[in-house]
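A short worksheet on the structure shown next.
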Amino acid sequence: MLKHYLWILLILLLGLVACGGEGENTAVPSPPPLPTIEIRLDPTEVPPPPVIETVPSDEPAVAPTSQPVAEPTAAPVVNPTAEPVVAPTSEPVAEPTSQPVTESPSGGNGELLMPGQTALGTLGAGSLVSFPYQGQRFSPRLFFVRPAGSLDVELRAFGAGVTAETVNQASPAVTTNFGGPGLPEMMVYTAQADEVHFTAVSSLNNTAGAFRFYLFDGLTRTGDTAVLEQLSLPAGQTQSYAVTSQNGQPLIVFADPIGASEDIAVTVRNSDGNVVNEANFGGGGSAEALYLLPLSTTSYTVEISEVSGQSATVNVHLIALGPANLEE
């Protein structure tokens, strides 16, 4: 652009010289050489950005919308073989419960007797009174009878399948008659099935009279229980218990090993250390029982010994009976 202006200025000067003298030829000197003007751009100069013209429009501008991007969802993992997880429950260990001494008023009235219960009955000459109870397979029960006067009794235990209608004619599985007239009888019987079983008391030798029947096990506490515990006995060891009879009433010892091969023996000593009774009649897994008939209140030491050379777990039940109350 500067060159353009210089050329215009030069032309104007030449025109003024030509008009200086009319009709006079004047030599026109040669014009000096035009200076060369070099225009350099600053290399640091940045050309301005292009101007973008925005043409107004009648239609409203619509902001572009973005579709929501769906996040990939993870499908739940299903284990086709997984059963619901059930937390193991521990069955609480049932403590022996104290049961009241309940009566079966007439004896043999068809009601089930439970361990720890007793019943009063009456026998005529040559008659029989039966008692149903719930048998439990391989769980021994102890039966005990106290007759009045000179009544001579026999204890009978019947196997599975005997009913109230057939018990009088059925053959007993076990019988005991060791005491004689007026003396107690005792029996331990182990049922072979989980069902109602029968035991019975019969009169012998043409005798008659009242009696009291007792049912015990190795777990149930009664009002006459002196000791009830589950004993862990190392091989070849002996555990001793001190027990006292009640005014000359019977004292019963019942020891039931849990394991099928565990063998035990029972020994009873008086205050002088002398053996007054003992029991080791069964083999491995068999319960042992005995009873004493002291003349007065007497203290004893009961010893439970392991005799099979292996550790044993034994349910021990020592019972100091009170008066029989046969006149009720």
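The values are calculated or read from the model by the stated rules, or taken from the named source; none is laboratory data. Quick caveat, the model's predicted, so the values are computed rather than measured. We place every Cβ from the backbone using ideal geometry, glycine too, and count neighbours over all the protein chains shown. Each accessible area value is taken on the protein alone, full model and side chains, heavy atoms only, with ligands, DNA and RNA left out. Shrake-Rupley method; radii C 1.70, N 1.55, O 1.52, S 1.80 Å.
Checked against (1) open to solvent by less than 40 Å² (accessible area, probe 1.4 Å); (2) at pLDDT below 95, residue 281 passes all but a single condition, namely (1). Residue count for region 134-188 satisfying the condition of being of a type in the set (Val, Ile, Thr), in a strand (DSSP E or B) and open to solvent by less than 30 Å² (accessible area, probe 1.4 Å): 3. The condition (being crowded, with 18+ Cβ neighbours inside 10 Å and within 15 Å of residue 135 (Cβ to Cβ)) is satisfied by just one residue among 199, 207, 222: 199. Residue check: is residue 281 part of a strand (DSSP E or B) and out of contact with any Lys or Arg (no Cβ under 6 Å at 6 or more places or on another chain)? Against the criterion (part of a strand (DSSP E or B) and out of contact with any Lys or Arg (no Cβ under 6 Å at 6 or more places or on another chain)), residue 281 does not qualify. In the set 170, 255, only one residue is touching a residue at least 60 places away in the same chain (Cβ under 8 Å) and small (Gly, Ala, Ser); that residue is 255.
Can we say residue 124 is under 21 Å from residue 194 (Cβ atoms) and modelled with pLDDT of 95 or more? Judged against the criteria, residue 124 is not a match.
For region 108-133, the tally of residues that are out of contact with any Lys or Arg (no Cβ under 9 Å at 6 or more places or on another chain) and either at negative phi or in a strand (DSSP E or B) (or both) stands at 14. In the set (1) assigned to a strand (DSSP E or B); (2) open to solvent by 50 Å² or more (accessible area, probe 1.4 Å); (3) closer than 27 Å to residue 148 by Cβ, the condition left unmet by residue 325 is number (1).
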